[in-house]
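Right, one structure below, let's go through it.
Any read-out appearing in this document is the output of simple, stated calculations on the displayed coordinates, not a laboratory observation. Keep in mind that this is a model prediction, so the values were computed, not measured. Note that we place each Cβ from the backbone using ideal geometry, even for glycine, and neighbour counts take in every protein chain shown.
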Amino acid sequence: MIELEGLVKAFQGRTAVNGLTLSVARGESFALLGPNGAGKTTTIRILTMLLRPTAGRVFIAGHEVGQADNAIKQLIGVVPQHMNLDTDLTAKENLWLHARLHHMDKQAAGARIAELLAFVELSDRADEMVGTFSGGMKRRLMIARALLHKPQVLFLDEPTVGLDPQVRRRLWDLIRRMNAEGLTLLLTTHYIEEAEQLCNRVAIVDKGKLLALESPRALCQRLGEFVVEWMDEGKTENRYFATREAAAAYAGSVQYNTAIRRTNLEDVFVEMTGRKVRE
Amino acid sequence: MVRFFEDVRTVMWREWLVLNRRLGRFIFSRMVTPILYMLAFGVGLGRAVQMNGGSYLDFVVPGIIALNSMNISFNSVGSPLNMAKLYHKTLEEYLIAPITTPAFLCGKILAGAVRGMISSLIIVALAFLFGANLALSPIFFALLILNCLVFAALGAVAALLMKSHEDMANFSTYVLVPMSFLCGTFFRADHLPQGVRLIVELLPLTPASHAIRAAAMQTAISEWWLIAQGAYLLLFFGMAHRLMEQIRRE
């Protein structure tokens, strides 16, 4: 559904995306995981035609970006990282503007707007100005807006950044439901749990380069599914094991207090880069 | 082609929703500056001044209409579009939609011109209350619409060009304010020193002032004024188009 071939984006001597090649299958939920400045947002802005690549090619549903942009625009929905709702309009007017810009049939648009406002639980706030909405409500409305013209692919750039944990989990449920209905999802995140919870496959990126691309579980299995962790003179030490039993046996031999837990994507990222995702 | 007009209408529809919600405030706020201009230059100064043997109020009102339509049309497009590009990021909603640059710009410029026209009609009404004599002919309104379009297009150029809100304010200070006072609005441009006059005659508000005044006073309208305004409209639209395409190709 989405193909990136040797994607490069340079800004005045700084290379934000450096030869990214990957593909996302139809119906997949796919994450670009990496720290701030890894090139995730730049990649998503190229995929949504808000930036032009310096080199490389991008295909969405068989259409090449830069060659068939209007066809692609009807196929994609975009939820950007920043709030870009029109605060001079109500929630419903924001959706009507989007429907009109995407040339939707008036009757179909009216029904779809009502359906989506219910889907994101904002029906009772439909006629209120979006400037009065909380961060979570704005994000839900942005998702409704991105889904309005029935896209086949939804791009979500850091969909839960800045939201409190409760709202984040509510949005995760919404994203899971969209994927269950067959929508292809590509999201960027620097939240480990978000990538693990929502995505079939994860591409770990750093400094514009692809470091690894597999399912969250396969990535963790590369290291070992369990990790023994301890502190040695103020420094965190760890070792990975394929089974809990092997980890427990090793923990018994360590002279410090140890903890055994499941390996997560943060461990994978640290092992690959020597840094934490949030650094 | 049908889609083009649909898209223009969509962009204008959004602007109308916003204007309609603030129409009362918009009308009252637009009355303040022209009333002050008419009091200061028309009634206050005007009683002591005659222009070509006629009333100074009759001379100055077309100039005030020209400069006011310039300011309102420019600011109706310039500030909101600059904010949409830099701060609110709402311009992205149009960039990711299947809408062409000409349709987007036409919608914004026409909507800015509508605001300029509403504001101009308020001044015309006020001018009559102040006792001015104006001939309101179809050509008078056509010239006014043309001036609104020219400066709404210039607003789009400035909004897409400027990298901060401060730069936008500077653009107004260095471009619009000098034109407001020098381009045949409050006095004839031929009273200026020769060198300055040549520059002033080339500025886009000057042909508008001349033409709107000529229409209001029922004197001859030079076709060069119309050609100049038309050329400026095409130039500014072309520049705005180019800047918008540059944003798309970043």
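One table, with the values for the structure above:
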item: Alpha-carbon Rg with Dmax, taken over region A:201-241, Å; result: 13.3, 37
item: Rule-of-thumb Rg ratio for region B:190-250 [Cα; 2.2 N^0.38 Å; N residues]; result: 1.49
item: Signed unit charges on C-beta, dipole axis of chain B, positive-most listed residue B:144, B:79, B:158; result: B:79
item: Ordering of A:42-48, A:218-224, B:171-177 by packing [mean C-beta count within 10 Å, highest first]; result: A:42-48, A:218-224, B:171-177
item: Relative contact order, percent, chain B [alpha-carbon distance under 8 Å, six or more residues apart]; result: 26 percent
item: Region A:20-100, Rg to Rh (Cα coordinates; Rh as Kirkwood inverse mean 1/r); result: 0.99
item: For the protein assembly as shown, size of Cβ-based charge dipole, Lys and Arg +1, Asp and Glu -1, in debye; result: 580 debye
item: Charge dipole (the protein assembly as shown, unit charges on Cβ, about Cα centre) - positive-most of A:179, B:67, B:96; result: B:67
item: Ratio of Rg to Rh over region A:219-273 (Cα coordinates, Kirkwood Rh, two decimals); result: 0.96
item: Under the span-like rule (Cα at least 30 Å along the axis, Kyte-Doolittle mean at least -1.0), DSSP H helices of chain B; result: B:56-86, B:101-129, B:138-161, B:223-248
item: Pair residue A:209, residue B:235: separation of 7 Å Cα→Cβ label points (nm); result: 5.1 nm
item: Debye equation applied to the C-alpha atoms of region B:1-68, log10 I(q)/I(0) at 0.23 Å⁻¹; result: -0.93
item: Descending principal axes extents, region A:149-257, alpha-carbon based, whole Å; result: 60, 30, 28
item: Part-to-part distance (alpha-carbon centres) for region B:101-121 and region A:111-130, which is given in Å; result: 30 Å
item: Axial C-alpha extent at least 15 Å, average Kyte-Doolittle at least 0.0 - helices from chain A (DSSP); result: A:106-119, A:135-147
item: Calculated over the protein assembly as shown: convex hull of Cα atoms, volume per residue (Å³); result: 188 Å³
item: Distant alpha-carbon pairs in region B:2-248 (separation over 24 angstrom), percent; result: 46 percent
item: Average Cα contact separation per residue, region A:2-216, under 8 Å, 6 or more apart, as relative contact order %; result: 32 percent
item: Gaussian network model of chain B, springs between alpha carbon atoms under 10 Å - residue of B:43, B:32, B:77 with greatest fluctuation; result: B:32
item: Cross-link pairs A:207/B:85; A:150/B:163; A:40/A:150 - those with Cα-Cα distance over 31 Å; result: A:150/B:163
item: Kirkwood Rh and Cα Rg combined as Rg/Rh, region A:2-216; result: 0.96
item: Peptide A:88-98, shielding by other chains (average Cβ, 10 Å cutoff); result: 4
item: Rounded to the nearest 20 debye, dipole of region B:2-248 from Cβ charges on Lys, Arg, Asp, Glu; result: 440 debye
